[in-house]
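Following: one structure in structure tokens, then a few remarks.
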Amino acid sequence: MRKFLVEMAVSAGVILLGTIATVPAHAMTFDFSATSTGAPGDLASGAFTASLSSPGIYSVTGITGTFDGVAITGLSGYANADNVLFFPTQPYVDFQGISFHTAGLGDINLFSNGGYFEVKSMIDSVGYYFDGSPISLHVSATPLPATFPLFIAGLAVLGWFGWRGRKRQAAMAATA
């Protein structure tokens, strides 16, 4: 009876952990980096949170990161951005692009028009107003944090079954 209760408790724990750790399959996080290929050398990096709209097309619902060392504070509709991400195929963005607010540099739009470009909504401290500055844009999918607890739970269950099997073999050897 005790063995049955332990097995039931382990099974219930694994099911509960799997339920808690599950994130909708269509939600994704993508790391991105953008580097200006012209003067003055803008740098952006961070992560997009997106929901799957259709195969390979994601609607960006959130953004974190920095642009030229300044915090990105959220998405915006600057430059008529549709905030759509295409992954894994390139171009990752379309002509409307992905726009975001920054803490002090105004809004930025990353878009594609036969290449990757950025547009700033205001003049930066050096006096540049960028209208279509070329950039290099890289996007990669990141593992969902919820997959790690499930992975660890699976390893724990396998370890428990292995331990249980060795314990059973030792008991059988002792009685033989």
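Translational diffusion coefficient, Stokes-Einstein: compute it for region 27-142 using the Kirkwood radius over C-alpha pairs as Rh, at 37 °C and 0.692 mPa s, and state it as an integer in µm² s⁻¹.
Answer from the Stokes-Einstein relation: 238 µm²/s.
In a shell of Cβ-Cβ distance under 15 Å around Ala50, excluding Ala50 itself, what net charge do Lys and Arg (+1) and Asp and Glu (-1) give?
-3
No value in this document is a laboratory result; all are computed from the given coordinates. Just so we're clear, the structure is a prediction, and the values are computed from it rather than from any experiment. Every residue, glycine among them, receives a Cβ derived from its backbone with ideal geometry; neighbour counts consider all protein chains shown.
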